[in-house]
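Notes follow once the structure below has been shown.
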Amino acid sequence: MTTDDRAFGVTTEQAEAPVALVRRAKMKRPRLTWSDALGDHDVLVEGTWVLGSARDANVCVSDRAVSRLHCEVDATSEGLWVRDLGSKNGLVVDGLRVSGALVPDGGTIKVGTTAIAVRYGDEVTEEHIWGASSFGEMVGKSDAMRKLFASIAQLSKTDLSVLVLGETGTGKELVARALHAHSDRAGFPLGVVDCASMPEHLLESELFGHRRGAFTGADTTHEGIVEHSDGGTIFLDEIGELPLGMQPKLLRLLETKTFRRVGESRWRSADVRFVAATHRDLRQLVNAGSFREDLYFRLAVSIVAVPPLRTREDDVELLVERFAPALPPSLSRQALVDYARQRTWWGNVRELKSFVQRAVALETIDPSEMDPAEVQLPRVPEAAPAAAPGLDLDRPFKDVRDAWLEHLEREYIAAMMKTHDRNVSAVARAAGLDRTYVHRLIRKHGI
């Protein structure tokens, strides 16, 4: 039994059988208050929510100037983070137009014509954390992973649709497999569909099946993954790439459990649970018109976020052990682990696995991989500073101001990254920003 387990008040017998433990902690809990066409509102934010004018948004603001999925509000231990989701009219915090910001106590968020006041209150919260360092095929002893394991354990007992978010290489498919394996549907098939791997007509046939002669090359009748997985689970990988023409058909299956094979007029039925995954922000795709809002809410009944490897250094040693339980005599496990802990691993667990397998095969750590540049962010060719937007008097003030703010944001972060040798932690400290937000700016501007 670990020190952490004793802190939870867990007995030795309990700790031996993995269970979701309950941890109590005091944190700042943000409360939002505002008035709109429907009256006065007072909402306590819990976790990561969507604020917008959509009826199904977690925080629904009745304002025609507010986008359907306007911004994300995220209650963290630091306070309330807000992030614009590509809204039409933008996001303003305390009078300053921003793409994202940490809102202070007493601060104001303005969306459309609506001002939302933010107040904090210290409250004791309960969070579930898994009592072991593994779940299914996944390993991790960090708080982030043990919370993820507890969420998967809870969701596996339900039939809710789950949207799995995470960067490429974090193990989103392993989450889907764990949800299926620990559910009542485990005795039935798990069907996997890669929405990015084939054109629309082939994807429709793969998912729903087709009758013989339905199209050129359809020489035999084909049973699709939906029929094959009846009673089980379907994992839709890279759901953000699903063609618009396919989205109404998938929505119908989600809502009515009915579908038609390509080339048939007869409706068939199937009882399947859906787990979808993406590395893209579907809410921004909704605002851009490339992903249906109703389909988003049907898939995102529950959301699970897989943390990137660079935010959970505590898990590196466990992962190295998983990928290389035995090492050649010439390769030191400690040296391998020490090096792995220094890397940023933008390719996440998949990249770490490739590195470990290569080191074992070559019986050494490739010296070229010890380049100090690799320890921080991958270096990219240094581009010339972007030209300032200029004063275009034919454009509205808001558009000109936004262009200047974008330019300032990019040049500031680029200069800070150069000054601090691309060390994100150093940039965050010097700029007074959260590391996560610095990473967002780096990705946003391709720095």
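Any read-out appearing in this document is the output of simple, stated calculations on the displayed coordinates, not a laboratory observation. Quantities reported herein were computed from a predicted structural model and do not represent experimental measurements. Methodologically, a virtual Cβ is constructed for each residue, glycine included, from the backbone with ideal geometry; neighbour enumeration extends over all protein chains shown.
Nearest 5 is fine: what % of DSSP beta bridges in the chain come out antiparallel, could you say?
Details: 49 of 69 bridges.
Here the share of antiparallel DSSP bridges comes out near 70 percent.
Report D for the chain in µm² per second (integer): Stokes-Einstein, Kirkwood Rh on Cα pairs, 37 °C, 0.692 mPa s. Could you put the intermediate results ahead of the total?
Details: Rh = 24.7 Å.
Rounded to a whole number, D works out at 133 µm²/s.
If each residue's Cβ is checked for other Cβ atoms within 10 Å, how do PHE323, PHE208 rank with the fewest at the top?
Values: PHE323 19, PHE208 24.
Ranked by crowding around the Cβ, least crowded first: PHE323, PHE208.
Which of the trypsin sites (Lys or Arg not before Pro) found in the range 236-298 are in a DSSP loop and have at most 10 neighbouring Cβ atoms, other than their own, within 10 Å? List each step's numbers first, then the result.
On the way: sites: LYS249, ARG252, LYS257, ARG260, ARG261, ARG266, ARG268, ARG273, ARG280, ARG283, ARG292, ARG298; in loops: LYS257, ARG260, ARG261, ARG266, ARG280, ARG292.
Sparse-neighbourhood loop trypsin sites (Lys or Arg not before Pro): ARG266.
Can you count the Lys pairs in the chain with C-alpha separation below 26 Å, eight or more apart or on different chains?
Taking the chain as the scope, the lysine pair count is 25.
Return ILE442, ILE239 ranked ascending by Cβ neighbour count within 10 Å, so the fewest neighbours appear first. Walk me through the numbers before you get to the answer.
Details: ILE442 17, ILE239 27.
By the 10 Å Cβ count, ascending, the order reads ILE442, ILE239.
Evaluate the charge dipole of the chain about its Cα centre and quote only its size in Debye, nearest 20, assuming +1 on the Cβ of each Lys and Arg and -1 on the Cβ of each Asp and Glu. Can you show the working numbers first?
On the way: 57 positive and 65 negative charges, 109 e Å.
Taking the Cα centre of the chain as origin, the dipole is about 520 debye.
List the chymotrypsin sites (Phe, Trp or Tyr not before Pro) in the range 235-302 that DSSP assigns to loop (not H, G, I, E or B) and whose Cβ has at most 15 other Cβ atoms within 10 Å. Which are they? All intermediate terms of the calculation are to be shown ahead of the outcome.
Working: sites: PHE235, PHE259, TRP267, PHE274, PHE291, TYR296, PHE297; in loops: TRP267, PHE291.
For chymotrypsin sites (Phe, Trp or Tyr not before Pro) across the range 235-302 that sit outside H, G, I, E and B with at most 15 neighbouring Cβ atoms in 10 Å, the list reads TRP267.
If each DSSP helix of 4+ residues adds -39,500 (n - 2.57) and the sum is divided by the residues in the chain, what number results at 222 nm, nearest 500 deg cm²/dmol? Can you show the working numbers first?
Working: 16 runs with 150 residues, N = 447.
Rounded to the nearest 500, it is -9500 deg cm²/dmol.
Could you tell me which residue out of LEU318, PRO104, TYR437 lies farthest along the dipole of the chain toward its positive end? Charges go on the beta carbon: Lys and Arg +1, Asp and Glu -1, centred on the Cα centre.
Final value for the positive-end residue is PRO104.
At q = 0.15, 0.18, 0.19 Å⁻¹, work out log10 I(q)/I(0) for the range 133-305 with the Debye formula, treating every Cα as an identical point scatterer and leaving solvent out; two decimals please.
At q = 0.15, 0.18, 0.19 Å⁻¹ the computed log10 ratios are -0.84, -1.16, -1.26.
Go through THR114, GLY39, ALA415 and say which Cα lies farthest out towards the positive end of the charge dipole of the chain; charges sit on Cβ, +1 for Lys and Arg, -1 for Asp and Glu.
After comparing all options, I get GLY39.
Place a +1 charge on the Cβ of each Lys and Arg in the range 23-125 and a -1 charge on the Cβ of each Asp and Glu, then give the dipole magnitude about the Cα centre in debye, rounded to the nearest 20.
The calculated dipole for the range 23-125 is roughly 140 debye.
Compute the FRET efficiency between ARG350 and HIS41 as 1/(1 + (r/R0)^6), taking r as their Cβ-Cβ distance and R0 = 41 Å, and round to the nearest 0.05.
Numbers: r = 43 Å, r/R0 = 1.05.
Once the sixth-power term is evaluated, E becomes 0.40.
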